[in-house]
1. Would you mention how many residues in region B:386-401 are within 14 Å of chain A (Cβ to nearest Cβ) and hydrophobic (A, V, I, L, M, F, W, C)?
2. Quick check: is even one residue across region A:262-278 touching a helix residue (DSSP H, G or I) at 6+ places or on another chain (Cβ under 8 Å), crowded, with 24+ Cβ neighbours inside 10 Å and among the charged types (D, E, K, R)?
3. Hey, A:Asp290 hits all of (1) more than 29 Å from A:Gly42 (Cα to Cα); (2) over 23 Å from the mean Cα position of the chain (by Cα) but one; which does it fall short on?
4. Could we say that A:Ala235 is in contact with a strand residue (DSSP E or B) (Cβ under 6 Å, 6 or more places away or on another chain) and farther than 26 Å from B:Val45 by Cβ here?
5. What single numbered condition from (1) modelled with pLDDT of 85 or more; (2) not assigned by TED's automatic domain parsing to the domain that holds B:Ala348 fails to hold for B:Ala239?
6. Among A:Leu88, A:Leu108, A:Leu94, which is the only one that is away from chain B (no Cβ under 14 Å), outside any helix (DSSP H, G or I) and crowded, with 24+ Cβ neighbours inside 10 Å?
7. Within the set of pairs 6 or more residues apart or between chains, which connect a residue that is under 17 Å from B:Gly475 (Cα atoms) inside region B:289-301 to a residue that is modelled with pLDDT of 90 or more and of a type outside the set (Phe, Trp, Tyr) with Cβ atoms less than 6 Å apart?
Amino acid sequence: MSTDGTGQDGADTPSAGAPSTDAMADIHGQGRGLVQLITPSGERVSHPEFDPWVQDITDEQLCSLFEDMTVVRRIDVEATALQRQGELALWPPLLGQEAAQVGSGRSLRADDFVFSSYRENGVAYCRGVDLTDIVRVWRGNASSGWDPYSINMATPQIIIGAQTLHATGYAMGIQNDGADSAAVTYFGDGATSEGDVSEAMVFAASFQVPVVFFCTNNHWAISEPVRLQSHIQLADRAAGFGIPSLRVDGNDVLAVMAATRVALDRARRGGGPTFIEAVSYRMGPHTTADDPTRYRDANELEDWAAKDPISRVEALLDRKGLLTAALKQQVKDRADAVAREMRTGCTTMPEPQPLDVFKHVYSTPNSWLDRQQDHYTRYLASFGDPAEAVSEEGAR
Amino acid sequence: MIKEFRLPDLGEGLTESEILSWKVGVGDTVSLNQVIAEVETAKAVVELPSPFAGVIRELHEQPGTIVEVGKPIVSFEVSDDAGTPSPGPGTAASSPAAPAAPAGPAAGQEGEPAKRQPNLVGYGAVVESSARPARRPRNRLPVVESVQVIAPVVESVETRPVETKAPVVASVEAQPVEAQSAGTRPRSTPPVRKFAKDSGVDLALVAATGPQGLITREDVQHFLDGRSAGAAPAREAGAAVALQVRQGERETRTPIKGVRKFTAAAMVQSAFTAPHVTEFLTVDVTPAMDLLAKLKGSREFGGHKLTPLTLAAKAVLIALRRNPALNARWDEANQEIVTFNYVNLGIAAATPRGLTVPNIKDADSLSLLQLADALAELTEAARAGKTTPADLSGGTISITNIGVFGIDAGTPILNPGEAAILALGAVRNMPWEYQGQVALRQVLTLSLSFDHRLVDGEQGSRFLADVGAILGEPGMALTMV
């Protein structure tokens, strides 16, 4: 289905060139092409199966998808700068994965629930997260950034793949409630090697619960290339669990949207789980503490830069005559404003106080905790001014 | 107002970073997030975006300096309503909560650390009042006050570890601890210990100026400065040369680090572990140069980069097949000789950051055309500084092309772990014996060093003769493959 070579990224066809026998073909499969609706050069290609799922996307909505992706990229760049300036301890960049996150995030309903990894800050933006809350944890000021129920998105999971279990569990709850909402879990290619993800998929298939496994294959699990982790396409792993899967160009916002809508529709109708492999690329480091030039070929980066998710929508808008100076200015202003708001929110965030550690342990009163808090309060008091005790504890 | 930017922890738990270069100068106007410097941490080379919009007033550290996390590196003049509204971790020094942080000996009051200590995710909490409770002394090593009064700490509520030998004295004026008592490990931090070790300094000899006898990087540096200043005159005097001892501009002192340090260590290890033998062979390579010209004009090779190095590399690969002893490694630990059944061909490359020897993996399986392309790719990557660590490791034999510098011959030092290295001299027009007469021929000299533990004179000589035979008459390759 791909006409531009997006599917020929090496990692997808590990058996290419190797002597092929019938038995091997069985193991490796024939390799699926990617669902693609916008080519890297910005051409809208028709697809009989998936076009209907995005036919409601008007020019105006296409512009707003462009805006959201641009804003998300700006959030990412600004946060990376904040880390370099010592304002954040760490940041996991999502550069290059904007379409996968915005395309899927914008397909969700408010009553759906997201369980993501730490890299889905673009999804969080689409869920309407407060910009300061995005950086709260990364500044080390809180153990979680936001109230999950305020935007129906759990706080990002740091443990690789653990969130898939939470999503399956939540989806079992939806099923028990008889609701038609869905749980969506985001994870990377590396997570598919984790036991948690396998378990989550086993339970999801067994109970046919309304959960969408959204795997952003960004090709690198820190320094481990995806081809080392899987000798078949990641989407084909789902078949082993009896879960239908889709494989889309993760840098194509419309294709991602179509695939997510297909999966959500199946979930809402009681059709059970779906696995989506969004084939994208992590253009930046794993986190700001990583140096990808030590393990990654610069040419690979160049190849993927040519498939940039934002520039292809920009090119499409240009073809349609929609890329006006006014639109560009509007998008830039919005990105600037968002970056400014996040920076201000980050740098003016109040420092946490020692007793804050007791705040979010139990939602109901707990005598043990009360006792500990009492002891700790008196202990702090023994230092005189509690403010001074902060530095004492913090510096240890 | 002036705002300082302190070096943040750019990775997770880093204590120092090296300023590679400044992208701005004093007086430059910079915008928020404009790249102002390139910094190398233990983990990565990263660009530093400016935290303020304003004018650069001062660059506190020079390129090439290793800076501790938390030290000011640049000052900005910022208009009062610009910049970040409130100081964050990176600008905590301007916080009113922080006292004017005293540096040096005076900072030792009550054992309070004088500055924020790097920890896992930042550089710790703000240093606040020095009035911390005396009952919780952080330091468990004895601090000897100048007056030598030793008294137990009365208010101690903590169970003290049994190995604590002497009670802590609240030092009002922490003097540099001149010498640690025998058996006591001098107090310092891991990065400083490493610095001292790398510099060959015994910490026990270093006077500490940090809080509670902590030896700082400056102390070690000071000791080093003192040692070199003290040692130099003695040597000069011995030579009886009437030269000024202080001659700041007459020499440049460059810290040994980075690629230079690595190269030095590798060369010393190689030169003093593997007994080197070097042999020379001068060859009339006119036929090879003719072949090169012919290939360049051919359809298959046209447009590809072909040089004498290409043919020499191929000749080495062919000759290795007949002389596998040169494609081997001495495994001291296992008392085994490892003979490689593949060739990862290293090519010494002068790069902007120093000498590197990237290698072409499985070069023996490449055709001449593939080899030519691999060589071109490798040199291009090396020049651009894009050589990956994988390219640098796992070499089995190397070639160094000193001919490009117009040099004829030399004694190359083995790339550590390899059994042989071939130096390729310059191709020169020389009067040479040709068909019984003297003619002007194209001649080059091959210099081969090999590890005599692994390779005997016979094997080394045969290998070199084979390479020479191919370069002297490429058709000879037909007799070898």
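The values are calculated or read from the model by the stated rules, or taken from the named source; none is laboratory data. These figures come from a predicted structure and were not determined experimentally. When we count neighbours, we look across all protein chains shown, and the Cβ atoms used for this are built from the backbone with ideal geometry, even at glycine.
1. So the first thing to find is which residues in region B:386-401 are within 14 Å of chain A (Cβ to nearest Cβ), and the list is B:386-393.
Pick out the ones that are also hydrophobic (A, V, I, L, M, F, W, C) and you get B:390, B:392.
Result for region B:386-401: 2.
2. yes
3. (2)
4. Working: in contact with a strand residue (DSSP E or B) (Cβ under 6 Å, 6 or more places away or on another chain): yes; farther than 26 Å from B:Val45 by Cβ: yes.
Against the criterion (in contact with a strand residue (DSSP E or B) (Cβ under 6 Å, 6 or more places away or on another chain) and farther than 26 Å from B:Val45 by Cβ), A:Ala235 qualifies.
5. So the condition that B:Ala239 fails would be (1).
6. Details: A:Leu88 fails: away from chain B (no Cβ under 14 Å); A:Leu108 fails: crowded, with 24+ Cβ neighbours inside 10 Å.
The conditions single out A:Leu94.
7. B:Met289/B:Gln442; B:Leu291/B:Pro474; B:Leu292/B:Leu306; B:Leu295/B:Leu306
To keep it simple, each residue is scored yes or no on (1) part of a helix (DSSP H, G or I); (2) within 14 Å of chain B (Cβ to nearest Cβ); (3) loosely packed, with under 13 Cβ neighbours inside 10 Å.
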position: A:Tyr281; (1), (2), (3): no, no, no
position: A:Thr293; (1), (2), (3): yes, yes, no
position: A:Asp303; (1), (2), (3): yes, no, no
position: A:Arg340; (1), (2), (3): yes, yes, no
position: A:Leu355; (1), (2), (3): yes, no, yes
position: A:Tyr379; (1), (2), (3): yes, yes, yes
position: A:Gly384; (1), (2), (3): no, yes, no
